[in-house]
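Participant: Here's a structure for you.
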Amino acid sequence: MKEKRNIILAGLVVGIAAVALTYFGNPANMGFCIACFIRDIAGGVGMHRAEIVQYVRPEIIGLVGGAFLMAVFSKEFKAKGGSSPVLRFILGFCVMVGALVFLGCPLRMVIRLGGGDLNALVGLAGFVVGILGGVFFLNKGFTLKRNYKMPVAEGFALTGVNAALLVLLVAAPSVLIFSQSGPGSMHAPILMSLAAGLIVGALAQKTRLCMVGGIRDVVLFKDWTLLAGFVAIFVAVLAGNLILGNFHLGFVIDAETAQPVAHTDGLWNFMGMVVVGLGSVLLGGCPLRQLILAGEGNSDSAVAVLGMFVGAAFSHNFGLASSATGVGAHGKVGAILALAVVLLIAVCNTRKAPAPKVTEVPTATAEPSK
């Protein structure tokens, strides 16, 4: 009961923070979006050339930093890794491709629903299908093998990179790239964004908040604990949008204007989130969870996050990412290929003989043998 209460409280804080960040400058229905913000950072350091989505988002820096500080304070920081790093990089890449076809991560999907965007409901259906596929492979014995204890520097590496980005953003912004228009030009003040990221990162580390884990646990164990956090996020965002007059129910706001930073192509909203759901189950957590685990010292999750950065840059450099007008031909092909690659990884890493049905919550990486 206490665990569920803490997760619900954390979800409410995340939802309130998302509404506040939007109110103070972030794009509509994008108070927090791991996929979109990683994409923006990739553009901000010159990894892609899409001029409207380039900005080093302090929220991501704060998420990793908050998780790191909470893990150190709770004596849960453990440098570990070595569990199929190349496959994790590829899975992170594919998850990002799917997310940018949909235009959002699982967290933003919930935030979009809280803003009345019914396109996200189609995405949610695809997300659940992807998770069900992942559960199927888990029950068949899917594994990316065990991890190992690593040097402390390995566990701290991604946190250190994020700290360096913060220094550049504050002390040497001229070396970075900033959008002059579009979503990348819309942002809350740096200190507010950083503070929100630190708070959410700390809470997510303490409560193990994870959208994929929440749905997976309901399917496997009928346990609603983790999912309750995302229900709380939805409630907080919905209430905040209603109070501020930012709730617009439907697939479009009006006859001329689509829902903000979204498209109405239902099939590809669905397909994009199938990739995200399936890939995230195989990784052991959603994009938010991967950032939090990286902050805890898990270099396997850090590798997955790096795969997401490269996937974001690739998606924009080669026209895979969607826009408000819909999904291009390259994006459709990219989503299909990403799904095929994720399925191939799942099949090739599933034991020949069926394993016993999963009876406990899988973690992002298997613990080393005692």
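The values are calculated or read from the model by the stated rules, or taken from the named source; none is laboratory data. Note that this is a predicted model, so its numbers are computed, not measured. Cβ atoms come from the backbone with ideal geometry, glycine included; neighbour counts cover every protein chain shown. Surface accessibility is based on the protein's heavy atoms, side chains included, excluding ligands, DNA and RNA. Shrake-Rupley method; radii C 1.70, N 1.55, O 1.52, S 1.80 Å.
Participant: Just how many % of Cα pairs in the chain lie over 25 Å apart, if you round to the nearest whole percent?
Facilitator: On the way: 33311 of 68265 pairs.
The calculated P(r) of the chain puts 49 percent of pairs beyond 25 Å.
Participant: DSSP beta bridges in the chain, what fraction antiparallel, as a percent rounded to 5? Mind dumping the intermediate values first?
Facilitator: Details: 5 of 8 bridges.
Bridges in the chain that DSSP calls antiparallel: roughly 60 percent.
Participant: Take the alpha carbon atoms of the stretch 206-233, find their center, do the same for the stretch 49-84, and report the distance between the two centers in whole angstrom.
Facilitator: 21 Å
Participant: Let me ask something additional. Could you provide, to the nearest whole Å², the per residue accessible area of the chain with probe 1.4 Å?
Facilitator: Details: 14980 Å² over 370 residues.
Here the residues of the chain average 40 Å² of exposed surface.
Participant: Step through the residues of the stretch 67-77 one at a time and calculate ³J(HN,Hα) from phi using the Karplus curve (6.51 cos²θ - 1.76 cosθ + 1.60, θ = phi - 60°), rounding each to whole Hz and writing x for Gly and Pro.
Facilitator: 5, 4, 5, 5, 5, 5, 4, 8, 6, 10, 6
Participant: Mind putting together the pair-distance distribution for the stretch 86-182? All Cα pairs, 10 Å bins, whole percent per bin, short to long.
Facilitator: Reading upward from the zero bin: 12, 24, 32, 26, 7, 0.
Participant: With runs of 4+ DSSP H residues as the only contributors, calculate the mean residue ellipticity of the chain at 222 nm using -39,500 (n - 2.57) per run, divided by the residue total and rounded to the nearest 500. Walk me through the numbers before you get to the answer.
Facilitator: Values: 14 runs with 233 residues, N = 370.
Value at 222 nm, helices only, nearest 500: -21000 deg cm²/dmol.
Participant: With no other cysteine's Cβ closer than 4.7 Å, which Cys residues of the chain count as lacking a disulfide-compatible partner?
Facilitator: CYS94, CYS105, CYS210, CYS286, CYS348
Participant: For LEU118, list long-range residues whose amide hydrogen, built 1.01 Å from N in the peptide plane, is under 5 Å from its own amide hydrogen.
Facilitator: Those qualifying (amide H under 5 Å, at least 5 residues apart or on another chain) are GLY250, PHE251.
Participant: Calculate the translational D of the stretch 12-98 in whole µm² s⁻¹ from Stokes-Einstein, where the hydrodynamic radius comes from the Kirkwood formula applied to all Cα pairs, the temperature is 25 °C and the viscosity 0.890 mPa s. Before the final figure, lay out the partial values.
Facilitator: Values: Rh = 15.1 Å.
Roughly 163 µm²/s, to the nearest whole number.
Participant: Among ALA20, ALA172, ALA232, whose mean-square fluctuation peaks in a Gaussian network model of the chain (Cα, cutoff 10 Å)?
Facilitator: Largest GNM mean-square fluctuation: ALA172.
Participant: Given the options LEU293, LEU249, LEU100, state which has the largest fluctuation in a GNM of the chain using a 10 Å cut-off (strictly under) for Cα springs.
Facilitator: It is LEU249.
Participant: Starting from the Cα-Cα distance between ASP254 and ASN139, subtract it from 0.36 nm times their residue separation and give me the gain in nm to one decimal.
Facilitator: On the way: separation 115, 0.36 × 115 = 41.40 nm, distance 4.49 nm.
Computed gain between ASP254 and ASN139 is 36.9 nm.
Participant: Moving to a separate point now. In whole percent, how big is the carbon plus sulfur part of the accessible area of the stretch 2-350, probe 1.4 Å, protein atoms only? Working shown, then result.
Facilitator: Numbers: 9360 of 13010 Å².
That share works out to 72 percent.
Participant: Which entries in LYS2/LYS75; LYS75/LYS222; LYS222/LYS332 show an alpha-carbon gap greater than 23 Å? Walk me through the numbers on the way to the answer.
Facilitator: On the way: LYS2/LYS75 21 Å; LYS75/LYS222 30 Å; LYS222/LYS332 34 Å.
The pairs that break the limit, which is 23 Å between Cα atoms, are LYS75/LYS222; LYS222/LYS332.
Participant: Compute the signed sum of charges (Lys and Arg +1, Asp and Glu -1) over the other residues within less than 12 Å, Cβ to Cβ, of ALA79. List each step's numbers first, then the result.
Facilitator: Numbers: positive: LYS78, LYS80, LYS149; negative: GLU76, GLU154, GLU296, ASP300.
Neighbourhood net charge equals -1.
Participant: I would also like to ask the following. By its C-alpha gyration tensor, with a ≥ b ≥ c as the square roots of the eigenvalues, how is the stretch 124-237 shaped: rounded for a/c under 1.5, else prolate for a/b larger than b/c, else oblate?
Facilitator: Numbers: a/c = 2.21, a/b = 1.53, b/c = 1.44.
Prolate is the answer for the stretch 124-237, as a/c is 1.5 or above and a/b outweighs b/c.
Participant: Could you rank the peptides 274-281, 136-143 by their average count of other C-beta atoms within 10 Å per residue, with the highest value first? Walk me through the numbers before you get to the answer.
Facilitator: Numbers: 274-281: 31.5, 136-143: 17.9.
Ranked from most to least packed, the peptides come out as 274-281, 136-143.
Participant: Gaussian network model of the chain, Cα springs within a sub-10 Å range: biggest mean-square fluctuation belongs to which of GLY114, GLY15, GLY328?
Facilitator: Highest fluctuation of the listed residues: GLY328.
Participant: Next question. Calculate the dipole size of the chain relative to its Cα centre from +1 charges on Lys and Arg beta carbons and -1 charges on Asp and Glu beta carbons; express the result in debye to the nearest 20. Walk me through the numbers before you get to the answer.
Facilitator: On the way: 26 positive and 16 negative charges, 261 e Å.
The dipole magnitude comes to about 1260 debye.
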